[in-house]
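Notes to accompany the following structure.
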Amino acid sequence: MAQQFGEHRRRGIPWRAAVVSATLLVGTVASGAVASAQPQPQTEAAAPPVTWQKCTDPAVVALPPDQQAKYSCATYQVPIDYRHPDRGTIGLALLRRAAVDQANRIGSLFLNPGGPGGSGYTLPVAGDRIFQPDVVNRFDLIGFDPRGVARSAPLKCFTTDEDAQQVFSRITPVPLTGQQIHTTLDATRDYTDACAKNAGPLLAHMSTEDVVRDLDLMRRGVGDKALNYVGFSYGTLIGATYANMFPGRSRAIIIDGNVDPALRTSDGVEYDRERAQGFEISLDAFLKRCDQVGALCAFSGDARAKFDQTRDLLRQGPITLPSGAKIDFGAYVGRVGSALYSPRRFPALAAWLQDIYAAAHPGTPARAAALAVSEPVDVTRGGRADILPATADTPYSSDDSYYGVNCVDKPFPRIPQLFPLLAKWWEQESPTFGRSQAFDPLPCATWPVPHPDRYSGPWHARTPIPVLVFGNYYDPATRYDFSKRMAEELGSARLVTSDAFGHTILGGSLCADQAAARYLVDLTVPKAGLVCQPNKQPFQP
């Protein structure tokens with residue numbers, strides 16, 4: 001297996017040669033070696049019980065009174081540093097939706113939406129949209145915000161929104177010019193310096209290993225002998241790590257929209273390069289489907305050529321829409337990449353693309369009247385559009401858990417000058433998303449945790465019941481190859497394939513949902529080679 005994954009890391013651009021080139025620019029390369037935690041002995045230790053109370057969260061209070069009674073909330077204390085538990089604790093926010101059939105309750109089902117940095121606290125409220133009735137009936141659904149996220153001691157690199165805006169406003173999401181690159185490199189260094197100054201001791205303890213230890217403590221705190229878990233996207237790494245650190249404590253683990261754990265935790269550069277390719281695969285499939293459905297897609301009619309022509313024009317400068325809005329290359333890439341996550345957004349994306357194409361080609365019709373849709377607000381990570389201008393005394397309203405986890409789990413060379421070189425090379429093979437993916441992990445080059453404690457394998461521990469792995473053919477964020485590799489790397493796993501677009505499948509395919517329900521309730525593993533169809537195909541009336 002090690003030889004196999006060594007081969008796929010050697011395919012394509014030999015990025016390590018760029019490290020040598022970039023090293024000449026900066027003189028030396030800082031060591032990025034990390035320690036790999038080993039699977040823990042399967043002995044149970046006592047854990048404080050979770051104390052559930054009435055929920056006052058707006059997501060619950062907004063429900064009808066008879067529905068509110070299903071929910072309870074808690075704050076659960078966990079060590080900041082598991083290797084030195086005497087150094088203090090933080091509180092994790094939990095929300096529980098009680099099983100409908102308490103007499104036949106199986107246990108708790110912990111949920112994570114991904115990210116990293118995604119809040120899972122309110123996921124149980126959406127339980128009926130994700131799971132079949134058998135699951136909701138037989139399990140307490142438990143959502144939680146992982147450490148450093150939202151309600152759970154959020155990791156904060158700034159003290160005010162104004163301080164954050166002064167840094168983020170200088171970061172170009174997808175820098176093209178030399179000046180944009182230079183300013184972005186400088187501002188990113190200021191960002192990581194702010195993290196070193198303000199984030200506190202939690203900064204060094206944001207790894208997935210730490211999250212998994214929290215999860216095991218919470219499992220014991222609710223009284224379950226073994227873990228039931230469903231994780232999406234980055235949450236698949238949490239599930240895979242748990243299955244390998246605590247294989248004997250795993251009852252049923254479902255992971256949907258998978259990372260490649262061996263690659264992600266050994267080579268962040270190659271992982272993100274292949275991630276860019278996954279977005280390109282999804283985009284190409286979207287454009288082909290657009291032409292196949294014809295008039296149902298506002299961008300049909302040689303969609304690939306139109307898209308490429310518009311993208312290349314945007315490299316030269318913004319395009320102005322009739323409304324006066326200016327669309328630049330970064331906004332174009334960000335909006336397209338975001339929309340590929342959900343096939344429901346494909347009609348709106350197609351209409352938006354047609355409007356931009358028409359604006360660049362006077363005389364070309366804009367979107368068809370029958371397909372007119374309101375444009376959703378475009379919010380991209382780059383430049384941190386979620387941070388609004390504020391006065392100096394406005395407390396920092398975001399958190400920095402995305403990089404807090406990624407820069408610990410994914411090893412990157414600590415050479416900022418490498419990333420512009422990667423962008424130049426990656427966009428040759430991934431012309432739409434290569435540049436944006438290359439710059440996304442730039443903070444990791446100077447992240448102020450140079451030698452993190454994290455789990456980086458092995459990945460082949462055998463759980464009592466195989467882990468259930470779901471993967472979509474055209475998933476943009478976690479390409480189908482990653483799900484195949486996840487199933488191969490785990491000691492016991494079963495892959496269920498979805499002939500579907502979008503990121504993750506549960507809640508969008510009756511076939512997949514039924515397979516998940518039988519697995520969770522009865523521990524029935526689906527037959528090998530199962531391929532599920534989505535409930536609805538893109539552009540389907």
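The values are calculated or read from the model by the stated rules, or taken from the named source; none is laboratory data. Please read all numbers here as calculations on a predicted model, not as lab measurements. Cβ placement follows ideal geometry from the backbone for every residue including glycine, while neighbour counts extend to all protein chains displayed. Just the protein is used for accessible areas: all its heavy atoms, side chains included, with ligands, DNA and RNA removed. Shrake-Rupley method; radii C 1.70, N 1.55, O 1.52, S 1.80 Å.
Observations
- Only residues that are outside any loop (DSSP other than H, G, I, E, B), surrounded by fewer than 20 Cβ atoms within 10 Å (Cβ to Cβ) and modelled with pLDDT of 95 or more were counted in the stretch 428-453, giving 2.
Residue-wise test of (1) at pLDDT 95 or above; (2) more than 30 Å from PRO413 (Cβ to Cβ); (3) open to solvent by 90 Å² or more (accessible area, probe 1.4 Å).
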| residue | (1), (2), (3) |
| --- | --- |
| ALA33 | no, no, no |
| GLN38 | no, no, yes |
| GLN67 | no, yes, no |
| ASP81 | yes, no, no |
| ARG105 | yes, yes, no |
| SER108 | yes, yes, no |
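- The stretch 52-65, residues that are loosely packed, with under 14 Cβ neighbours inside 10 Å, assigned to a helix (DSSP H, G or I) and either β-branched (Val, Ile, Thr) or in contact with a Lys or Arg (Cβ under 8 Å, 6 or more places away or on another chain) (or both): VAL61
- Candidates are the residues of the stretch 232-270 that are touching a residue at least 40 places away in the same chain (Cβ under 8 Å) and among the hydroxyl-bearing types (Ser, Thr, Tyr); the one that is surrounded by the most Cβ atoms within 10 Å (Cβ to Cβ) is THR236.
- Just one of the numbered conditions (1) under 20 Å from the mean Cα position of the chain (by Cα); (2) open to solvent by 10 Å² or more (accessible area, probe 1.4 Å); (3) more than 30 Å from ARG151 (Cα to Cα) is not true of TYR403: (3).
- Filter result for ASP328 (in contact with a Leu (Cβ under 8 Å, 6 or more places away or on another chain), among the acidic types (Asp, Glu) and either open to solvent by less than 50 Å² (accessible area, probe 1.4 Å) or modelled with pLDDT of 95 or more (or both)): yes
- Residue that is open to solvent by 20 Å² or more (accessible area, probe 1.4 Å) and free of Cβ contacts under 8 Å to residues at least 40 places away in the same chain, where the choices are ARG275, ARG315, ARG289, ARG304: ARG304
- Qualifying positions in the stretch 91-103 - crowded, with 19+ Cβ neighbours inside 10 Å and closer than 26 Å to CYS407 by Cα: LEU92, ALA93, LEU94
- Screening LYS306, LYS225 for residues that are basic (Lys, Arg), assigned to a loop (DSSP other than H, G, I, E, B), more than 20 Å from VAL496 (Cβ to Cβ) and modelled with pLDDT of 95 or more leaves exactly one candidate, LYS225.
- Residue count, the stretch 97-130 (criterion: of a type in the set (Lys, Arg) and free of Cβ contacts under 8 Å to residues at least 60 places away in the same chain): 2
- Pick from the stretch 315-337, criterion among the hydrophobic types (A, V, I, L, M, F, W, C) and in contact with a strand residue (DSSP E or B) (Cβ under 7 Å, 6 or more places away or on another chain), ranking: farthest from LYS424 (Cα to Cα): LEU321
- Boolean, LYS410 is farther than 19 Å from ALA164 by Cα, open to solvent by 20 Å² or more (accessible area, probe 1.4 Å) and at pLDDT 95 or above: no
- Residues of the stretch 200-231 that are surrounded by 24 or more Cβ atoms within 10 Å (Cβ to Cβ), touching a Leu at 6+ places or on another chain (Cβ under 8 Å) and aliphatic (A, V, I, L, M): MET206, LEU215, LEU227, VAL230.
- When residues in the stretch 135-179 are screened for being touching a residue at least 12 places away in the same chain (Cβ under 8 Å) and part of a loop (DSSP other than H, G, I, E, B), 21 of them pass.
- Residue that is nearest to LEU530 (Cα to Cα), among those in the stretch 454-473 that are in a loop (DSSP other than H, G, I, E, B) and β-branched (Val, Ile, Thr): ILE465
So that you can scan it fast, the table gives a plain yes or no per residue for (1) touching a strand residue (DSSP E or B) at 6+ places or on another chain (Cβ under 7 Å); (2) of a type outside the set (Phe, Trp, Tyr); (3) over 28 Å from SER338 (Cβ atoms):
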| position | (1), (2), (3) |
| --- | --- |
| SER436 | no, yes, no |
| PRO448 | no, yes, yes |
| GLY457 | yes, yes, yes |
| VAL469 | yes, yes, no |
| TYR473 | yes, no, no |
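- Of all residues in the stretch 488-521, exactly one satisfies the criterion of being part of a helix (DSSP H, G or I), open to solvent by less than 20 Å² (accessible area, probe 1.4 Å) and farther than 20 Å from PHE139 by Cβ, namely GLU489.
- Filter result for ALA477 (among the small types (Gly, Ala, Ser), out of contact with any helix residue (DSSP H, G or I) (no Cβ under 9 Å at 6 or more places or on another chain) and open to solvent by less than 20 Å² (accessible area, probe 1.4 Å)): no
- Unique residue being surrounded by fewer than 22 Cβ atoms within 10 Å (Cβ to Cβ) and either assigned to a helix (DSSP H, G or I) or of a type in the set (Asp, Glu) (or both) when the list is LYS527, LYS536, LYS484: LYS484
- Considering the conditions (1) at pLDDT 95 or above; (2) surrounded by fewer than 16 Cβ atoms within 10 Å (Cβ to Cβ), ALA385 is excluded by exactly one of them, (1).
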